[in-house]
Every structure is written in C-alpha cells, then in structure tokens.
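Taking it in order: structure first as structure tokens, then the write-up.
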C-alpha cells in the first residue's frame, strides 16, 4: 500500500509517498533496489527527514532534539518530557521570553531615538526594567531545573557501598534479577564498578556495585576502592551496607550525598533479632525480604529529586549554556543602572540572540550536522 502526503501538510513539508510493504527482509530489499535504480533516487541520510522538517519550518531546533529524545526514550518519565518538548512547550517558553526581550529593547530604543515625540512615553524605565527583573528570576529558576532533566535522561544514580563481604554484590544481583556480579566468600571479589539500569515507577535508576572499602587492600583493589569513593561523591543516593552477623561499618563522613544504612543477611539472623535499630532497612538478598521496601524508598527519593519535573525543563546542556549566556546579559543590563541606555539595550539584544540560538532562529548552521547525526536512517 502506498500513502501520499501532499505538501505542505507532510511531516517534512514536502511531497511524500510512504510505502507500506508486506513481507520479510528480502521483499524490503527488492523494493529498495527497484526504487534506487530510478535516476536521482537515493537512500536517506541519518536524520534527513527531520532535518528537512526543520529547514522547511515544520519543527524548530528544540523540537527536533525532543523528537530524538522521544525515539530513544526508555522510561515513562523520559517519554513524557520528550513528548512535552516535541509538542512545543519548551519552544513556546523560549519564544515568549525572546519576545519580551525584543519588546523591552524596542521600548528603550524608542525612548533614546524619539524622546521628544509626543506619542513616546517620557520614561519606560520602570515598566521595562521591572519586567526584565521578573524575567531574570524566571530564567534563573528554569536553569536550576536542569538537574531534574538530567535525572530523567541519565537516571537517578544509586551507589552500593560497604566493607568486603557486606552483601553488596548479592543485593546488586537481586536488584538486577540476574547474576551480574560475581559473589563469593572471598573478600575483594569486586574490583571495578558495575552498573545496572532499573525502571522504578517510570523513572530511570542506575545502581552501581563497588569494591569493598578496607585499608589493607592490594594495588588493583585499591584502584577499585578509589573508583568507588569517586562514584559515591557524585551519586544521588548511597546505600551503605553492613553484614548484620559481622558488622563492619564504613566511615561516610567524607560524603555529602544522602545515605541509607542497610543491614544485610537478614535470613541468617536468629528469630529475626532486630539487633542494631539504627538500620534504615534490614534485608535478605537470598529471600528478598525487605528489598521491596528498599526499592520503594529509592523510587520515592528519585521522584522527590525531580522537584520541578512537572514544569518545562531545559533538556540539553546546549540549552543551559545559552540560557546562562542570556542570564548573564540580563544581569549586566540591569546592574548597570547608571550606564548609557544604548549599552543596556545592546545587552538585551545579546540576551535575545542567545535565546534565539536555542530554538534555531539565529545562527545554528554549525550545530545541524551534530544534532541530526543522532537520528537513525529514515527518521
């Protein structure tokens, strides 16, 4: 079956025909061979359809990036964020901000050039700079939301820490639902970092197993311990594990990360003696007792860390860098209250240009190849 999409209503804004082919790989290859035998017909390049949609004004740059995120979404939270941005929420926010900047600059320049005209207000300073102060706060708050977007994209990072044989790898395997890490009675089995990705309540959570922390480690194990400490410092949550039969607490005063103290090997505790009541959770990786509650706590902390996830968030580091440029120019324009209005108006122009580069309204040729290379063929 062949479906015809007339311009300008197709995805790309051009004349498009879609072939819906029945059969296996050989049928598809035969059709493609026949099509490419026609003069001036070739295979599409990676991201070419989306690039044509951008060049024809069907999508802006933020929407094309969101479409790539939507195609690659692994969790419900990633899908929701990408879909919201693909539908234009992020673009509408930046376009609205840019419109306010352009209006403010126009009012200031009107005051400069036509101060003697009767239809130009004597002073626009109060209204313009009050709005620019509000806009500065809005941009600053939006930039801080990137932390939530990073968690949605890259995952809420959880590190399992503890002494050798504290049950770290056993918990890691229980969470992964497979033997992802080697488990033996010999201390120091884990030498490197091991990651597994979970979907907890629609959020991406990355669990990392680490080398056991101890003082008398060998050279290779010491490297693993340093990696464990480094990863823990950048984690969103650290689980400090202790074998409740042979507790060997690890010192965590060097950590600024949120920690949960977890007692392991609950199945070996006689009559389930509560023992040390300071444990946040008591678990058995063998029987999985307590693990469901631990996963719930991880999910709650991941959801809480999003904070602004219901709002429109900056979805790329590129956006944040340009937003910081915007914020910098806004602050200069406002803080230089005694400076010439011409200079302050120029700062507003630079701020508006930085916002324009996010959506692709201004000077983005050098970015196009990088952005569309993220797409697969036929997208």
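Which of the residues belonging to the stretch 21-39 are at pLDDT 90 or above and either touching a helix residue (DSSP H, G or I) at 6+ places or on another chain (Cβ under 6 Å) or under 20 Å from residue 5 (Cβ atoms) (or both)? Scanning the stretch 21-39 gives 31, 32, 35, 38.
Please go through the stretch 213-228 and give me each residue that is within 14 Å of residue 168 (Cα to Cα) and touching a helix residue (DSSP H, G or I) at 6+ places or on another chain (Cβ under 7 Å), ordered by number. Passing the criteria: only 213.
Among the candidates 185, 179, the residue that is under 20 Å from residue 289 (Cα atoms), modelled with pLDDT under 80 and assigned to a loop (DSSP other than H, G, I, E, B) is uniquely 179.
Taken across the stretch 285-298, residues that are modelled with pLDDT of 85 or more, under 20 Å from the mean Cα position of the chain (by Cα) and assigned by TED's automatic domain parsing to the domain that holds residue 214 do occur, with at least one present. As for the stretch 323-333, it holds no residue that is at pLDDT below 90, farther than 21 Å from residue 163 by Cα and over 20 Å from the mean Cα position of the chain (by Cα). Within the stretch 127-155, the set of residues being surrounded by fewer than 21 Cβ atoms within 10 Å (Cβ to Cβ) and outside any helix (DSSP H, G or I) comprises 145 only. Among the residues of the stretch 89-126, the one identified as surrounded by fewer than 17 Cβ atoms within 10 Å (Cβ to Cβ), touching a helix residue (DSSP H, G or I) at 6+ places or on another chain (Cβ under 8 Å) and modelled with pLDDT of 80 or more is 102.
The values are calculated or read from the model by the stated rules, or taken from the named source; none is laboratory data. The structure displayed is predicted, hence computed values, not measured ones. Here Cβ is always computed from backbone atoms with ideal geometry, including for glycine, and neighbour counts include all displayed protein chains.
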